[in-house]
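Colleague: This is the structure I have questions about; it appears just below.
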């Protein structure tokens, strides 16, 4: 769909914590219409907390009746992000809405059956994700139990190279069919939804993995699947433990928050931000090996990483710092891991506060806590954990 040019781009955001889903939808609709004024609304992103999943149809019908957006897209989550707060749990509704002159919106539905073919054939990919090739930005929202997100992202990396994909996995439920995905009249408990932006819009994408490397780069000299057998020619576990024993007291204390493995995203990667962070899944002391949540390759140079609140704050603030020298942002979408928030930082609103501070404050924003975040690192799109994945939007 093409949004015809009428006036300057305008965005607004709204939220509600009312228990009644219908009243909550009416409340945010009123806020949106008051802020945007006369004229059609081209796009609404809606994120709903777990207690509202059973009433998703009511929310959608209310927003369609009162706001009548050209495109309505959304997902359910354990918690939602508003322009000023992170609401972790409980009834909650957060929306960001825009009037977007000169912007083309290309919505699409993601289903397992479709993406089996789309991941292999460029014509099928073009049918499954219209407008994605050459897009300024693609936003994906998906159910973690029913969509092979890695296949989807591999298809984007293969058939739409350079296109940045941002989003996250619905997190309202912990079992199949416990989440809701929304695209206009389509509501479902499986699959996913996507939206490609083209035309008069510019997006900056920030992916903060919140870790920092410890110890030297380690060469993978033997591996099988996701199991690392040898590092630097030694049993992998033995070599990793040598590195950990050489850490200073401060870095060793950070191991209480977990140990992670960073895979290089490009040749010569050595510093913070040059790695794709993956979970350490387990170790076999008898064999001297350990497994990670990815498939390393022989001769790549990995690094061990640690994460804590200080690292996470510092990484996000560093990545956001260029925003202070750019033009005023129009809107932002923030997708954060369920493991961040109070659980990581010890207090509420840390990620959205850092984002608003970098953008100069009071920028329309919305988002959700995710069971996995999507975002680009090193020019390719990946699935992440413990991450903040952000899209910052401006007129082109």
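Colleague: Is there a residue being in contact (Cβ under 8 Å) with a residue 40 or more places away in the chain and assigned to a loop (DSSP other than H, G, I, E, B) anywhere in the stretch 151-158?
Modeller: The answer is no; no qualifying residue exists.
So that you can scan it fast, the table gives a plain yes or no per residue for (1) out of contact with any strand residue (DSSP E or B) (no Cβ under 6 Å at 6 or more places or on another chain); (2) touching a residue at least 60 places away in the same chain (Cβ under 8 Å); (3) surrounded by 15 or more Cβ atoms within 10 Å (Cβ to Cβ):
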| site | (1), (2), (3) |
| --- | --- |
| 284 | yes, no, no |
| 291 | no, yes, yes |
| 301 | no, yes, yes |
| 306 | no, yes, yes |
| 312 | yes, yes, yes |
| 325 | yes, no, no |
| 330 | no, yes, yes |
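Colleague: Identify, from the list 173, 168, 162, 98, the residue that is assigned to a loop (DSSP other than H, G, I, E, B) and closer than 30 Å to residue 23 by Cβ.
Modeller: Just one listed residue meets the conditions, 173.
Colleague: In addition: Within 16 Å of residue 183 (Cβ to Cβ) and in contact (Cβ under 8 Å) with a residue 60 or more places away in the chain, is that true of residue 91?
Modeller: no
Colleague: Turning to a different aspect of this structure: Could you grab me the full set of residues in the stretch 358-386 that are surrounded by fewer than 18 Cβ atoms within 10 Å (Cβ to Cβ), touching a residue at least 40 places away in the same chain (Cβ under 8 Å) and within 26 Å of residue 11 (Cβ to Cβ)?
Modeller: Within the stretch 358-386, just 362 meets the criteria.
Colleague: Does residue 63 satisfy being surrounded by fewer than 23 Cβ atoms within 10 Å (Cβ to Cβ) and either over 19 Å from the mean Cα position of the chain (by Cα) or in a helix (DSSP H, G or I) (or both)?
Modeller: In short, no.
Colleague: Please indicate, with yes or no, whether at least one residue in the stretch 299-307 is within 19 Å of the chain's Cα centre (by Cα), modelled with pLDDT under 95 and either under 30 Å from residue 224 (Cα atoms) or assigned to a helix (DSSP H, G or I) (or both).
Modeller: yes
Colleague: Just to be sure I understand, how many residues within the stretch 94-131 are surrounded by 20 or more Cβ atoms within 10 Å (Cβ to Cβ) and free of Cβ contacts under 8 Å to residues at least 60 places away in the same chain?
Modeller: Number of matching residues: 5.
Colleague: Name the one entry in 90, 84 that is surrounded by fewer than 18 Cβ atoms within 10 Å (Cβ to Cβ) and more than 18 Å from residue 11 (Cα to Cα).
Modeller: Checking each option against the conditions leaves just 90.
Colleague: Moving on to the next point. Just one of (1) surrounded by fewer than 22 Cβ atoms within 10 Å (Cβ to Cβ); (2) at positive phi; (3) touching a helix residue (DSSP H, G or I) at 6+ places or on another chain (Cβ under 9 Å) trips up residue 210, so point out which.
Modeller: (1)
Colleague: Residue 335 - would you say it is touching a residue at least 24 places away in the same chain (Cβ under 8 Å) and more than 18 Å from the chain's Cα centre (by Cα)?
Modeller: no
Colleague: Please work out which residue is surrounded by the most Cβ atoms within 10 Å (Cβ to Cβ), limiting yourself to the stretch 36-53 and to residues that are in contact (Cβ under 8 Å) with a residue 60 or more places away in the chain and either in contact with a helix residue (DSSP H, G or I) (Cβ under 7 Å, 6 or more places away or on another chain) or in a helix (DSSP H, G or I) (or both).
Modeller: If we take residues in the stretch 36-53 being in contact (Cβ under 8 Å) with a residue 60 or more places away in the chain and either in contact with a helix residue (DSSP H, G or I) (Cβ under 7 Å, 6 or more places away or on another chain) or in a helix (DSSP H, G or I) (or both), then 48 is surrounded by the most Cβ atoms within 10 Å (Cβ to Cβ).
Colleague: Out of curiosity, is residue 198 over 15 Å from the mean Cα position of the chain (by Cα), touching a residue at least 60 places away in the same chain (Cβ under 8 Å), assigned to a strand (DSSP E or B) and not assigned by TED's automatic domain parsing to the domain that holds residue 106?
Modeller: no
Colleague: Please pick out the residue among 171, 178 that is more than 25 Å from residue 380 (Cα to Cα) and in the same structural domain as residue 105 (by TED's automatic domain parsing).
Modeller: 178
The values are calculated or read from the model by the stated rules, or taken from the named source; none is laboratory data. Bear in mind the structure is a predicted one, so any value in this text is a computation, not a measurement. So basically every Cβ, Gly included, is an ideal-geometry build from the backbone, and we count neighbours across all protein chains shown.
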